[in-house]
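Visitor: Input: one structure, supplied below.
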Amino acid sequence: MSTMAVPDIAVAPVDEGFWTRSRKVGLTLLALGLLSAVLFGALATDQQARFTLSDDAAGAALEINGTIGAILFGIITIAAGAALLAGVPKRWFLPVLGVGLVAFVLSFLCWQVSAAPAGQNFMPLVNIIRGTFILALPLIFGALAGVLCERSGVVNVAIEGQLLMGAFSGALFGSISGSVWVGLVAAAIGGAFISLLLAVFAIRYLVDQVVMGIVLNLLAVGVTGFLYERLMQTDAAKYNSAPRFSNWEIPLLKDIPVLGPALFRGNIFLYLGLLLVLVIHIGLFRTRWGLRTRSVGEHPIAADTLGVKVLRVRYRNVLLAGVVAGIGGASYTLALYSFTKNMIGGKGFIALAALIFGRWNPTGALLAALFFGFADQLATYLGAINSVIPSQFLAMLPYLATILAVAGLVGRVRAPAADGKPYIKG
Amino acid sequence: MEPGEIHALLGENGAGKSTLMNVLYGLYQPDEGEILVDGKPLKLKGPSDAIGAGIGMVHQHFMLVPVFTVAENIMLGAEQVRGGIAGFLDRRRARREVTEVSERYNLRVDPDAVIEDLPVGIQQRVEIVKALTRDVDLLILDEPTAVLTPQETEELLTVMRSLKAAGKSIVFITHKLGEVKAIADRITVIRRGKTVGTASPEASRDELAALMVGRNVRLTVDKTPATPGEPVLEVAGLVVDDDRQIRAVDGVDLTVRAGEVLGVAGVQGNGQTELIEAVMGLRPVLAGTISLAGDRIDGWKPKKVLRAGVGYVPEDRSVDGLVKEFSVAENLVLDIYDRPPFGAGLALKPDAIAASAKERIEQFDVRTSSADAAVGTLSGGNQQKVIVARELSRPLKLLIAAQPTRGVDVGSIEFIHSQIIHERDIGTAVMVVSSELDEVIGLADRIAVMYRGRIIGIVGPDTPREEIGLLMAGISPDAAQERNTDAVPGDGPATDGGPASDPGSASEDEA
């Protein structure tokens, strides 16, 4: 069968009439399905692949024979691909695509879990979900900061710097005051400080916004690195031992199987991040603030002629973005680790990718961030079970997937029309 | 301004009409002087003050957010909200308001349609509804008919009349004399930032034009009958897609002969742009052929097409015609900068470029402070003259001029038209594409009307406007078609057909 698929792929780009985007995606999915059914099926062992539902390995679990699972899920992917290839109504495109991709991942997992060393043939779902969210959290905050900024027409490449400054201020002032709340406020102000610089230079002095963003990132690395060495390393007990938010269990919700322990026994940042996605989404599309923000990001002159204060809206949104990203930075230092030099390590840029992958949409950004978080978590897990696949390769996968997804799956991504264009009155 | 009055503000491009109105709308601040409303001086800090004072404006370039719905655009800046400081949008109320206003003034719009999906005429209607929902007493329309078809213009004039009947005052900014005469109660003519006179609509076209330009202008193009020669441009079965991969030109056949002007009329967006871009090599040809004086040129690069003797005045001078930041002199040699005498090897010859610029600025009456001024600082008419000067300075076989006088003042229009006719008279084949029907009728020896990617008819220049208008709207009555065939010059070199048919009949004989 695979030999038949080859000429199809070669023909694909030639005839534009039949090979719509949906069909091309379907063909790719079909190929993936074949790959997983044949290859993963062959490599999987007869061990039961267990997906445990509780915290301990012995508890309740979903289980399936490795070989059967890999082939079965592969076939589901093939079916989804075939459905797209045959042509489905437009609104079915994304759901069918989603089913196909999830089945592909499951097929892959059946192989990996069943082929793990004896006694490790299980995947703790609770841990995986919790880990996914924890790893995605800075991305969620960062991408939301991007949404706030860019929807009003200011490109925010400085997310990395905002996260870092937030993490640093949170650690420093949290340690000095001994209060998590002081730390949280300080983190918000720290992020907003970077934003203020971005706003003043981009909006007032019309400096190129991308260049300004990059410079601010370097500035944040420099300032925090310097103070880290001079202050925190010399007296870590005083300057770098911030108190941490404890986990809050949410009554009732914490008892939901799997999701309860994974999501509703977390810290304030997790709840805040998810809440912010909801608030910003509703705000952007349902409120006066959102309508004005979007109008300023799409057609600032039109907004101006209707009495909307374009520059004021932009200043406000850029500052808000800094607050959000600052809090995101604190999700490291006020919950997980003490501050280290350059501890954000590029997550701000991945947040930027999540923003674009999520089409400048808060919910889209959330899904993209979770996708990246899951890939990260999966890489860790596969390292733990000594997978044959090098973990570096897995760590690379999400970015490869982003490039493909943005090019093919999501369709043409359209940024706010005035994104990155300074508004000069008159 | 009186209540219920339509006041036309007439002036050439760059005369200061739009600037004046932007001051009135609070977008610009006046350096001196004041605005009086009902006898009281009015200080406008921004557009919201103007709206508050009952002044609304429909801008020349629409102030609509393309990705928003009609209702969203209309409520922006004056949102109805509930939920206190959260400020949730009351969409239902906004929608109701739009429907109410549009019914009251008979301006039908769908509140849930997305702007970018709407045709230009409807977008303009949305702009008017937007102003009306803000309860304005004075509506400023800045060049509202520049983008409309003749039929849409008629509709707009009807709307203006009904607004007037409802007691609204309208300032109607334009440089089109016919519309002014048709609708205005009073006319103020502006030239170089000063009021140079007021007139009543009974004033003749010539009087008004003289006031605008400060001298007498000819409104019709003087030309002698054409003497068409050999076919220069031959297009057969041409199929071209637009940027969205949608068929834009769908099987076009046309011929332009030496020494004649073929006018291509049609509402914008019916494939005219794609047709000429295909000829210029800017757009891939999917099917059909394009020949220039017998040579197949489809598939050629634009540079090669230009070098083969094709002059091109693109429809959007700021995007395709000029490099705004470059000087006038540099823009004048954009096409031949790498050829002697302007370039040698890797170097440019600034002296030669300057000398030729000086000469051409004079010859083509380009009004610029110097040849080194950035072309973007010139007025629209003078920018267009720079393009025309550049394109006509080469020996041409074919001149393609798209919207050659769009946004150009009356004086420059006259000049550019006479240059085009002059080019025809020295034996160049000319194709003029314009959405301005008067321009096509004035210049063309034959008129091809494009509709939905096809040539729906070819008629003579003395065909009644109404008939061409119907063709532009896609209605081609049989009568019109019959007339077409008559109007096409059938006296071309008939001998061409002779030898070609001979082998055909011979082979038939053999069979």
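The values are calculated or read from the model by the stated rules, or taken from the named source; none is laboratory data. Predicted model, so just to flag it, every value in this text is computed and none were measured. Virtual Cβ from ideal backbone geometry, glycine too; neighbours counted across all protein chains shown.
Visitor: Condition first: farther than 21 Å from B:Glu2 by Cβ and touching a helix residue (DSSP H, G or I) at 6+ places or on another chain (Cβ under 8 Å). Now tell me which residues in segment B:172-192 satisfy that.
Guide: Here is the first cut: in segment B:172-192, the residues farther than 21 Å from B:Glu2 by Cβ are B:175-178, B:191-192.
Of everything in segment B:172-192, those that are farther than 21 Å from B:Glu2 by Cβ and touching a helix residue (DSSP H, G or I) at 6+ places or on another chain (Cβ under 8 Å) turn out to be B:His175, B:Leu177, B:Gly178, B:Arg191.
Visitor: Are any residues in segment B:328-379 at positive phi and within 32 Å of the chain's Cα centre (by Cα), and if so, which ones? Talk me through it step by step, then tell me what you get.
Guide: Filtering segment B:328-379 for residues at positive phi gives B:345, B:365.
Passing the criteria: only B:Asp365.
Visitor: State which residue is surrounded by the most Cβ atoms within 10 Å (Cβ to Cβ) when the search covers only segment B:35-49 and only residues that are within 12 Å of chain A (Cβ to nearest Cβ) and farther than 18 Å from A:Ser295 by Cβ.
Guide: Step one: filter segment B:35-49 for residues within 12 Å of chain A (Cβ to nearest Cβ), giving B:44-49.
So of that shortlist, the ones also farther than 18 Å from A:Ser295 by Cβ come out as B:44-45, B:49.
Details: B:Leu44: 22, B:Lys45: 9, B:Asp49: 15.
Residue satisfying both the conditions and the ranking: B:Leu44.
Visitor: Also, I was wondering about something else. Run down B:Gly46, B:Gly54, B:Gly33 and say which single residue is of a type outside the set (A, V, I, L, M), in the same structural domain as B:Asp117 (by TED's automatic domain parsing), closer than 29 Å to B:Leu208 by Cα and more than 25 Å from the chain's Cα centre (by Cα). I'd like the intermediate steps shown before the answer.
Guide: On the way: B:Gly46 fails: closer than 29 Å to B:Leu208 by Cα; B:Gly54 fails: closer than 29 Å to B:Leu208 by Cα.
Criteria check complete, one pass: B:Gly33.
Visitor: Same structure again: Scan segment B:41-87 residue by residue and report those that are charged (D, E, K, R) and in contact with a strand residue (DSSP E or B) (Cβ under 9 Å, 6 or more places away or on another chain). Walk me through how you get there before you give the answer.
Guide: Going residue by residue through segment B:41-87, those that are charged (D, E, K, R) are B:43, B:45, B:49, B:72, B:79, B:82.
Correct list: B:Lys43, B:Asp49, B:Glu72, B:Glu79, B:Arg82.
Visitor: I've got another one for you. Exactly one condition in (1) under 20 Å from the mean Cα position of the chain (by Cα); (2) not in a helix (DSSP H, G or I) is not met by A:Lys341; state its number.
Guide: Checking A:Lys341 against (1) under 20 Å from the mean Cα position of the chain (by Cα); (2) not in a helix (DSSP H, G or I), the one that fails is (1).
Visitor: Quick one: count up the residues across segment B:286-301 that are closer than 26 Å to B:Gly229 by Cβ, surrounded by 13 or more Cβ atoms within 10 Å (Cβ to Cβ) and not charged (D, E, K, R).
Guide: Taking segment B:286-301 and keeping what is closer than 26 Å to B:Gly229 by Cβ, we get B:288-298, B:300.
So of that shortlist, the ones also surrounded by 13 or more Cβ atoms within 10 Å (Cβ to Cβ) come out as B:288-293, B:297-298, B:300.
Keeping just the survivors that are not charged (D, E, K, R) gives B:288-293, B:297, B:300.
The qualifying residues number 8.
Visitor: Just to be sure I understand, how many residues within segment A:246-298 are among the polar types (S, T, N, Q) and within 14 Å of chain B (Cβ to nearest Cβ)?
Guide: Total meeting the criteria: 3.
Visitor: Hey, another quick one. Filter segment A:363-387 down to residues that are more than 20 Å from A:Phe51 (Cα to Cα), of a type in the set (A, V, I, L, M, F, W, C) and touching a residue at least 24 places away in the same chain (Cβ under 8 Å), then give me how many there are. Show your work before the answer.
Guide: Going through segment A:363-387, the residues more than 20 Å from A:Phe51 (Cα to Cα) turn out to be A:363-369, A:372.
With of a type in the set (A, V, I, L, M, F, W, C) added as a condition, the list becomes A:365-369, A:372.
From what's left, touching a residue at least 24 places away in the same chain (Cβ under 8 Å): A:365-366, A:368-369, A:372.
Result for segment A:363-387: 5.
Visitor: Quickly run through segment B:86-118 and pick out the residues that are of a type in the set (Gly, Ala, Ser) and either in a helix (DSSP H, G or I) or within 14 Å of another protein chain (Cβ to nearest Cβ) (or both). Steps first, answer last, please.
Guide: At the first step, the residues of segment B:86-118 found to be of a type in the set (Gly, Ala, Ser) are B:86-87, B:94, B:102, B:113.
Once the filter is applied, which keeps residues that are of a type in the set (Gly, Ala, Ser) and either in a helix (DSSP H, G or I) or within 14 Å of another protein chain (Cβ to nearest Cβ) (or both), segment B:86-118 yields B:Ala86, B:Gly87, B:Ala94, B:Ser102.
Per-residue answers, yes or no, for (1) over 13 Å from the mean Cα position of the chain (by Cα); (2) closer than 24 Å to A:Asn342 by Cβ; (3) of a type in the set (S, T, N, Q):
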site	(1), (2), (3)
A:Ala136	no, yes, no
A:Gly142	no, yes, no
A:Gly153	yes, no, no
A:Val157	yes, yes, no
A:Gly161	yes, yes, no
A:Ser169	yes, yes, yes
A:Ser175	yes, yes, yes
A:Gly178	yes, no, no
A:Val185	yes, yes, no
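Visitor: For segment B:389-422, which positions are in a helix (DSSP H, G or I) and within 16 Å of the chain's Cα centre (by Cα)?
Guide: Within segment B:389-422, the subset in a helix (DSSP H, G or I) is B:389-392, B:410-422.
Answer for segment B:389-422, where residues must be in a helix (DSSP H, G or I) and within 16 Å of the chain's Cα centre (by Cα): B:Val410, B:Ser412, B:Ile413, B:Glu414, B:Ile416, B:His417.
Visitor: Picking from A:Lys347, A:Lys341, which residue would you name as being in contact with a Ser or Thr (Cβ under 9 Å, 6 or more places away or on another chain), at pLDDT 90 or above and either among the charged types (D, E, K, R) or not assigned by TED's automatic domain parsing to the domain that holds A:Ile159 (or both)? Explain how you work it out, then say what you get.
Guide: Numbers: A:Lys347 fails: in contact with a Ser or Thr (Cβ under 9 Å, 6 or more places away or on another chain).
Only one candidate qualifies: A:Lys341.
Visitor: Then there's this: In segment A:170-281, which helices (runs of 4 or more DSSP H) lie fully inside it and hold 2 or more residues that are among the polar types (S, T, N, Q) and buried (at least 21 other Cβ atoms within 10 Å of the Cβ)? Spell out the reasoning first.
Guide: On the way: elements: A:180-199, A:209-227, A:236-239, A:259-263.
So the answer is A:209-227.
Visitor: Check A:Val323, A:Val318, A:Val308 and return the single one that is at pLDDT below 95 and buried (at least 20 other Cβ atoms within 10 Å of the Cβ).
Guide: Working: A:Val323 fails: at pLDDT below 95; A:Val318 fails: at pLDDT below 95.
The match here is A:Val308.
Visitor: Here's something else I'd like to know. For segment B:296-348, which positions are out of contact with any Leu (no Cβ under 8 Å at 6 or more places or on another chain) and either under 14 Å from B:Leu399 (Cα atoms) or not assigned by TED's automatic domain parsing to the domain that holds B:Ile400 (or both)?
Guide: Passing the criteria: B:Leu306, B:Arg307, B:Pro314, B:Glu315.
Visitor: Would you pick out the residues in segment A:82-116 that are over 13 Å from A:Ala70 (Cβ atoms) and either in a loop (DSSP other than H, G, I, E, B) or within 21 Å of the chain's Cα centre (by Cα) (or both)?
Guide: Those that are over 13 Å from A:Ala70 (Cβ atoms) and either in a loop (DSSP other than H, G, I, E, B) or within 21 Å of the chain's Cα centre (by Cα) (or both): A:Gly87, A:Val88, A:Pro89, A:Leu94, A:Pro95, A:Leu97, A:Gly98, A:Val99, A:Gly100, A:Leu101, A:Val102, A:Ala116.
Visitor: Name the single residue, out of those in segment B:57-71 being over 14 Å from A:Val308 (Cα atoms) and within 9 Å of another protein chain (Cβ to nearest Cβ), that is nearest to the chain's Cα centre (by Cα).
Guide: The initial filter retains those residues of segment B:57-71 that are over 14 Å from A:Val308 (Cα atoms), namely B:57-62, B:66-71.
Applying the additional criterion that residues be within 9 Å of another protein chain (Cβ to nearest Cβ) yields B:57, B:59, B:61-62, B:66-68.
Working: B:Met57: 21, B:His59: 16, B:His61: 13, B:Phe62: 15, B:Pro66: 21, B:Val67: 24, B:Phe68: 26 Å.
It comes out as B:His61.
Visitor: Filtering segment A:299-319 down to residues that are within 11 Å of chain B (Cβ to nearest Cβ) and part of a helix (DSSP H, G or I), which residue is nearest to B:Phe62 (Cα to Cα)?
Guide: As a first pass, look at segment A:299-319 and keep what is within 11 Å of chain B (Cβ to nearest Cβ): A:299-310.
Still in the running and part of a helix (DSSP H, G or I): A:300-305, A:310.
Values: A:Pro300: 12, A:Ile301: 10, A:Ala302: 8, A:Ala303: 11, A:Asp304: 13, A:Thr305: 11, A:Val310: 17 Å.
Only one residue tops the list, namely A:Ala302.
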